[in-house]
1. For segment 120-160, which residues satisfy the criterion of being open to solvent by less than 30 Å² (accessible area, probe 1.4 Å), in contact with a Pro (Cβ under 8 Å, 6 or more places away or on another chain) and not β-branched (Val, Ile, Thr)?
2. For segment 68-108, what are the residues that are open to solvent by 70 Å² or more (accessible area, probe 1.4 Å) and closer than 15 Å to Leu3 by Cα?
3. When you scan segment 177-188, do you find a residue that is free of Cβ contacts under 8 Å to residues at least 24 places away in the same chain, of a type in the set (S, T, N, Q) and over 26 Å from Leu3 (Cα atoms), even just one?
4. Identify, from the list Val178, Val147, Val186, the residue that is under 18 Å from Ala100 (Cα atoms) and either among the aliphatic types (A, V, I, L, M) or under 14 Å from the mean Cα position of the chain (by Cα) (or both).
5. Residues of segment 134-168 being part of a loop (DSSP other than H, G, I, E, B), in contact (Cβ under 8 Å) with a residue 24 or more places away in the chain and more than 21 Å from Leu40 (Cβ to Cβ), which ones?
6. Of these, Glu53, Glu98, which one is out of contact with any helix residue (DSSP H, G or I) (no Cβ under 6 Å at 6 or more places or on another chain), at pLDDT 95 or above and among the charged types (D, E, K, R)?
7. One residue is enough: does segment 162-178 have a residue meeting the conditions touching an Asp or Glu at 6+ places or on another chain (Cβ under 9 Å) and of a type in the set (Lys, Arg)?
8. For His131, which of the numbered conditions (1) within 19 Å of Thr183 (Cβ to Cβ); (2) touching a residue at least 40 places away in the same chain (Cβ under 8 Å) fails to hold?
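The values are calculated or read from the model by the stated rules, or taken from the named source; none is laboratory data. Just so it is clear, the structure is predicted and the values come from calculations on it, not from any experiment. Note that each Cβ is placed from the backbone with ideal geometry, even for glycine, and that neighbours are counted across all protein chains shown. Each accessible area value is taken on the protein alone, full model and side chains, heavy atoms only, with ligands, DNA and RNA left out. Shrake-Rupley method; radii C 1.70, N 1.55, O 1.52, S 1.80 Å.
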Amino acid sequence: MTLRVGACQTPELLGDVEAALVCLQDFATRAAAQGVDLLLFPECFLQGYLVDEQQAATARRTSWPASPCFHRGDAYPTFDLRGVRFGINICYDTRFAEAAAAVAAQGAHLLLVPAQNMMRREAAHRWQNLHHTIRAERVRETGMWLVSADVTGERDEHRVGLGPTSVIDPRAEVVAQVPPMTTGMVVADIGI
């Protein structure tokens, strides 16, 4: 059984759902042409992160008092598609072995990692290779494939997103990656 997975490295789109949907449609069209079964986008792709006081104030007025935007989870659900079981660790989750182990313990063969690593420039360059180091460690511990999707580009003169959007195989080797500062998609066939 094989699952063809695509992971998208996108620009950071903040508060522009319309532009995000256009971007999503473009990637989905390309993915369909390549026979992709499952398409992964960066964390908070549709609306981006709230980055300034005005956006945070708007969110508080419209949704936070009645229902917060984010809820802490207490489980690591897995899903099956085309005979391949997979689970999700969101961005920072990969720093903790327990998060990936909880997915692997349910028989998963694939870990999806939507991330959003728009950082201050110094931190982005320092973390650029550390992301792969940490994710490869999760792969060595679990034996799963890992596919990540991230943002890229410059927010302003202080912040940059370098990814990585990549595929790491069960031997903990990066087998595909979208280059930094480039939008694009990696595609991998995950077989069991």
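1. Listed by number, the residues that qualify are His131, His132, Met144, Ser148, Ala149, Asp150, Gly153.
2. If the condition is that a residue be open to solvent by 70 Å² or more (accessible area, probe 1.4 Å) and closer than 15 Å to Leu3 by Cα, then Phe79, Asp80, Arg82, Arg85 are the ones that fit.
3. So in segment 177-188, the residues free of Cβ contacts under 8 Å to residues at least 24 places away in the same chain come out as 177, 179.
Next cut, of a type in the set (S, T, N, Q) only: 177.
Okay, now just the ones that are also over 26 Å from Leu3 (Cα atoms), so none.
No: segment 177-188 contains no residue that is free of Cβ contacts under 8 Å to residues at least 24 places away in the same chain, of a type in the set (S, T, N, Q) and over 26 Å from Leu3 (Cα atoms).
4. Details: Val178 fails: under 18 Å from Ala100 (Cα atoms); Val186 fails: under 18 Å from Ala100 (Cα atoms).
One residue alone meets the criteria, Val147.
5. The first filter runs over segment 134-168 and keeps only residues part of a loop (DSSP other than H, G, I, E, B), leaving 143-144, 150, 155-158, 163-165.
Okay, now just the ones that are also in contact (Cβ under 8 Å) with a residue 24 or more places away in the chain, so 143-144, 150, 155, 158, 163-165.
Answer for segment 134-168, where residues must be part of a loop (DSSP other than H, G, I, E, B), in contact (Cβ under 8 Å) with a residue 24 or more places away in the chain and more than 21 Å from Leu40 (Cβ to Cβ): Arg155, His158.
6. Details: Glu53 fails: at pLDDT 95 or above.
Matching residue, one of Glu53, Glu98: Glu98.
7. no
8. The single condition His131 does not satisfy is (2).
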